[in-house]
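> Take a look at the following structure, please.
Values in this text are rule-based calculations from the coordinates and carry no lab data. Bear in mind the structure is a predicted one, so any value in this text is a computation, not a measurement. All Cβ positions, glycine included, derive from the backbone under ideal geometry; neighbour counts span all protein chains shown.
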Amino acid sequence: MGHKLPDFPWDALAPFGATAKEHPAGIIDLSVGTPVDPTPEFIQEALRNASNSPSYPVTMGTPELRASITEWAKKNLGATGEFGVLPLIGSKEFVAWLPTFLTSQSVLYPAVAYPTYLVGAMIAKAEATPVDIDAAQWPQADLAWVNSPSNPTGRVHSESEYRAAIDWSRKSGGVVVSDECYLEFGNSVTPTSILNYTDGDNRNILAVHSLSKRSNLAGYRAAFVVGDPKLIAEILEVRKHAGMMVSLPVQKAMIAALADSTHVAEQRDRYNARKATFIPALTEAGFSIDFSDAGLYLWATRNEDCWKSVEWLARIGILATPGSFYGDSTHIRIAMTATDEQINEAAQRITAYSHCTDGEAVKG
């Protein structure tokens, strides 16, 4: 491999996890962001009913799944004009391999961002450049990532910001890919898709979506991409050769999940309620919350080195993620992926510890 990949960031968090585990009442892990709420029963049923699956699945997806994604994109993304769809084995593999699929030589990614954008560029041996939100300032490149709602910050792109990215694509010929995996988890802001602003001209524009969080299907590895049909056809050819196929039972589960919005609204409400529980405790402890307008994370800071904040929480058995994993040295990311009981307990620990000066709260 031409570029040595960075150390896996989560390994650096392990010592703080060990500290958190020493708390008498146990660790509350709010770092990785893996869903803990149940997969809806009707989706499980669709998977079970398709479990007799002896044949190879079709890489492009069944006609039923493609139709399901297409209708969902029209209704929920505002997609118009000609566009293609393609199921994915989760969104992370697509993010990591897209620069390779497109033989990109130069990749732009958000300055504060999910680390796999950079890793994907490195795998492809492409030049990777972090950029700010304003696409008017972006340099020439083959591929540019945007991410709204953002992981880790929860920031939501405005229409003008999306249109600036589309304008950059039109002028430069570069591909813009919008990672929109948290689109349906708005809180103080309602997120929208880049496809809502292409005016039906989807050339060089892609939007990536995942069912991991919106339907609690992280273990299923179920996602899809929507956009420029020519690009999707090119990506499909590579995936066919590489054997990158979504299993048929998972495709059936995806169809069921996309047909229902009630379970998504319920999950959104869970995450927003957990945020409402957690924010007052953090604020009382001296943290400020930035962005966090959507998604399932809180982006918090006490204007200190992020590792100090991680250590402070670890002392009371709470594990959070340092912002340095995402390109920010003063913030931490706190995931709402814990049970309601755990979120309540974590908030109580923070409040108790922020009121004491002798560490008594650590004793439980």
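> Before anything else, pin down the relative contact order of the chain: Cα pairs under 8 Å, at least 6 apart, normalised by residue count, whole percent.
Numbers: 737 pairs, mean separation 93.5, N = 364.
Computed over the chain, the figure is 26 percent.
> Say R0 is 45 Å: what FRET efficiency, to the nearest 0.05, do TRP10 and GLU82 get from their beta-carbon distance? Walk me through the numbers before you get to the answer.
Numbers: r = 41 Å, r/R0 = 0.90.
Here the calculated transfer efficiency is 0.65.
> For THR103 and GLU45 in the same chain, what is the full-extension length gain: residue separation times 0.36 nm, less their Cα-Cα distance, in nm?
My answer for the length gained is 16.9 nm.
> Further question on the same structure: If you average the sequence gap of Cα pairs under 8 Å that are 6 or more apart and divide by the length of region 176-215, what percent do you get for the contact order? Intermediate values should be presented prior to the final figure.
Values: 42 pairs, mean separation 23.0, N = 40.
58 percent.
> Run the reach check for LYS230 against lysines, Cα to Cα strictly under 29 Å, same-chain hits fewer than 8 apart removed. What comes back?
Once the sequence-local lysines are set aside, what remains near LYS230 is LYS74, LYS75, LYS92, LYS125, LYS171, LYS213, LYS240, LYS252.
> Continuing with the same structure: Can you order the peptides 58-67, 243-252 by their average number of other Cβ atoms within 10 Å per residue, highest first?
Details: 58-67: 17.2, 243-252: 20.2.
Packing proxy ranking, top to bottom: 243-252, 58-67.
> Could I ask something else about it? With runs of 4+ DSSP H residues as the only contributors, calculate the mean residue ellipticity of the chain at 222 nm using -39,500 (n - 2.57) per run, divided by the residue total and rounded to the nearest 500.
Working: 11 runs with 137 residues, N = 364.
Estimated from H runs of four or more residues: -12000 deg cm²/dmol.
> Mind checking which helices in the chain clear 30 Å along their axis (Cα) and have mean Kyte-Doolittle hydropathy of 1.6 or more, DSSP H runs only? Mind showing how you got there, number by number?
Working: long enough: 262-284 (34 Å, -0.90).
None pass (Cα extent of 30 Å or more, hydropathy at least 1.6).
> If Lys and Arg each add +1 and Asp and Glu each add -1, what is the summed charge of the other residues whose beta carbon sits under 13 Å from the beta carbon of VAL32? Mind dumping the intermediate values first?
Numbers: positive: LYS92, LYS213, ARG333; negative: ASP11, ASP29.
Residues close to VAL32 contribute a combined charge of +1.
> What list of ³J(HN,Hα) couplings, whole Hz, do you get for region 196-206 from phi and the Karplus terms 6.51, -1.76, 1.60, once you set θ to phi - 60° and write x for glycine and proline?
My calculation for region 196-206 gives 6, 10, 7, 6, x, 9, 9, 4, 6, 10, 10 Hz in order.
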